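The values are calculated or read from the model by the stated rules, or taken from the named source; none is laboratory data. As the structure is a prediction and not an experimental result, all values here were calculated from the model. Please note: Cβ atoms are built from the backbone with ideal geometry, for glycine as well, and neighbour counts cover all protein chains shown. Please note that ligands, DNA and RNA were not included when accessible areas were found on the heavy atoms of the full protein model with its side chains. Shrake-Rupley method; radii C 1.70, N 1.55, O 1.52, S 1.80 Å.
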Amino acid sequence: MLVKVYGASVRGLSAIPVTIEVNASRGIKFFLVGLPDNAVKESHERIVAAVENSGYRFPSKQFVVNMAPADIRKEGAGYDLPLAVGILATDEKVRPDKLSRTMMLGELSLDGSLQPVKGALPIAIKAREMGFEHLIVPRQNVREAAVVNRLKVYGASHIGEVVRFLNDEGGLMPTEIDTRAEFYAQQTEFDFDFADVKGQEHVKRALEVAAAGGHNVIMIGPPGSGKSMMAKRLPSILPPLSLAESLETTQIHSVAGKLARESSLIARRPFRAPHHTISQIALVGGGANPQPGEVSLAHNGVLFCDELPEFSRSVLEVLRQPLEDRQINISRAKYSVTYPCSFMFVASMNPCPCGYYNHPTKACVCTPGQIHRYLHKISGPLLDRIDLHIEVPPVDFRDLSNTAKEESSASIKVRVDAARDIQNKRFANTGITCNAQIPPEMLHEVCRTAPAADALLKNAFEKFGLSARAYDRVLKVSRTIADLDNSRDIEARHAAEAVRYRTLDRKYWTR
C-alpha cells in the first residue's frame, strides 16, 4: 500500500515542500531514501517508540520511505510526525481523506508528544502558497505559524491528537489570533528609556540623527561614560516596525530557532549585542547546516558591538560587505543562500587599552605603540562605512547629581518619527526606507544643497581628505539633519553638523 504525506524543508528563508511516500509490503525491513541526514535516519527508532507508547501497534511490514525531491538534503527531526502518520496510514490507522490537503511537521518524543521545530513560519507561508488547507505543527509553534491568514493552523501536543483529527474524530481546533491588535499593543513596550541618561546631550543628539536616518554610529570614550547605556536605549527612539518588516524579521528568527515559545510576530526592532569572542560564521551565518548569523538576526534593527577593538580583526572585516549591500550571500560547496541584513551598526570603544587616553583628569598609562595597535585593529575601510563618529566625554558630577528629569525616549521619538515620515513620502514605492539607503544615482537629486552648504562640504572634503564614500555619507547625514529641521534643502548649518560627526577619525587614527 502506498501513502503520500506532506512536510517541508527550509533553505535560507524559504520553505521547500517535501513529499513523503511510504510504501508498505511483506517483510520486516525499513528503508529510508531521499538524502536524509542522521537526525532523519534516526527517526525510525523514535517513531516506533512513539507509536507504541501512544496505544498503537507498529505494523510488522517492510517499509520503503522516499522523501522527494531526492536532490535536497533533509535535515532535522521535523519529519518525525509526517513519517509516523504515513506509516500508520499504510496500516489503515489513519484515513487518507485529509492527507492530500494537510502539511505537517514536528519532532516526536518517545511518549508520542510533539516537540517544537525551527522554521514554522516560512513553512506556513509555503503551505498557503501551495494551496494546502491544513497545517499541523507542535503546540509551541502554533502562534508563530498562525499569523499566516487563509490557512487553518492546528497546534498539537501529541500524535494521538493528530490521528484523531485526520480521522475526523475531533481533537484539534484551528488557532486564530488577532495579529494586528497584538502587534501594535507590543510596539510601545521598552525596558530602557533615555530619561535615565544624565547629561551627554550632544551624544543624545547624534543618536537622534542616527535613528532618524538609519545611520551607523561609533562612540569613543572612557569607561563609565555611558556608551553602552545609551546604545541599549536606541531601539526606544527608532520608528516602529511595519507589518511587512515584522514578518520578514520573524521569518529570520523562526529559521534560526530564536523565537520565544508561544510567540507570534516580532513587534519591536531587534537589538543584537554579540560578545567580542564571536566567530565569523556566528556573525554572518553559514555552517554545515546553514543558519542566519547575528547580522541577519539584527535585520530591521540594531547590531551593537561593544568594545569594538576586542573583536577579532578577521571578524570585523566580514562586516564590510553586509554594511554596504544590506544582504549576506553565503556560498559553500553544497549550498548557496542569501540572508537579508539591513541593520543599524552601533559600536563603542575606549580610546586606548587602559581607557583614559585624552581623559581630562586621569592619566593614560599606555605607550604610544599600544595605543596605535589598539586603534588600528579597526581598519580604515570599516571606519569609512560608519556615518557618525562621536566622542563621549566623562559625565560631569553636576549632571549626575541633577535631579531634573531628562528628555524621555517618547519625546525624542516624536522628532524621529516626523523625520521618517518625510523620508517615507520621499521614497514612496522605491523600496528605500531611510536616508542611509539612498543609492548613488539618487543622491544628488535627493540631497540638494544650498550654495553655502556646497562650499562648506567642498572645503571639508579637501581639508579632511574624505573618500568618495565618506563624502556620500556626510551628504546623507546632512539630509537627515535637514529632515529633522523640516528643511527642503540642505543648509550650511546642517552640513556643518554632519561634518563634525566625521572628524573624530582624524583625531585618533592619524597617529
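Would a scan of segment 217-238 turn up a residue that is of a type in the set (S, T, N, Q) and under 25 Å from the mean Cα position of the chain (by Cα)?
Yes: one or more hits.
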So, first residue free of Cβ contacts under 8 Å to residues at least 40 places away in the same chain in segment 66-89, second residue surrounded by 22 or more Cβ atoms within 10 Å (Cβ to Cβ) and aliphatic (A, V, I, L, M), Cβ within less than 7 Å, six or more apart or across chains; the pairs are D80/I47; D80/L108
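Does L166 meet the test of being closer than 17 Å to R95 by Cα and either without any contact (Cβ under 8 Å) to a residue 12 or more places away in the chain or open to solvent by less than 10 Å² (accessible area, probe 1.4 Å) (or both)?
In short, yes.
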Counted residues in segment 292-335 being of a type in the set (K, R), in contact (Cβ under 8 Å) with a residue 60 or more places away in the chain and more than 23 Å from L259 (Cβ to Cβ) come to 3
- Is there a residue in segment 423-440 that is more than 21 Å from E245 (Cα to Cα) and either part of a helix (DSSP H, G or I) or not polar (S, T, N, Q) (or both)? yes
>> Considering only segment 344-355, I want to know if a residue exists there that is open to solvent by 10 Å² or more (accessible area, probe 1.4 Å) and small (G, A, S).
In response: no
Over segment 452-488, the set of residues part of a loop (DSSP other than H, G, I, E, B) and either open to solvent by less than 40 Å² (accessible area, probe 1.4 Å) or hydroxyl-bearing (S, T, Y) (or both) is L466, S467, S487
Within segment 205-235, restricting to residues that are assigned to a helix (DSSP H, G or I) and among the basic types (K, R), the one that is most open to solvent (accessible area, probe 1.4 Å) is K232
Subset of segment 12-35, residues of a type in the set (D, E, K, R) and closer than 24 Å to L135 by Cα, comes to E21
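I'd like to verify a number: residues in segment 275-311 that are in a loop (DSSP other than H, G, I, E, B), over 12 Å from F345 (Cα atoms) and either open to solvent by less than 60 Å² (accessible area, probe 1.4 Å) or out of contact with any Asp or Glu (no Cβ under 9 Å at 6 or more places or on another chain) (or both), how many?
First pass over segment 275-311, keeping only residues in a loop (DSSP other than H, G, I, E, B): 275-279, 287-290, 293, 298-301, 306-307, 311.
From what is left, the residues that are over 12 Å from F345 (Cα atoms) are 275-279, 287-290, 293, 307, 311.
Retained after the next criterion (residues that are either open to solvent by less than 60 Å² (accessible area, probe 1.4 Å) or out of contact with any Asp or Glu (no Cβ under 9 Å at 6 or more places or on another chain) (or both)): 278-279, 287-288, 290, 293, 307, 311.
Result for segment 275-311: 8.
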Subset of segment 455-486, residues of a type in the set (D, E) and touching a residue at least 24 places away in the same chain (Cβ under 8 Å), comes to D472, D483
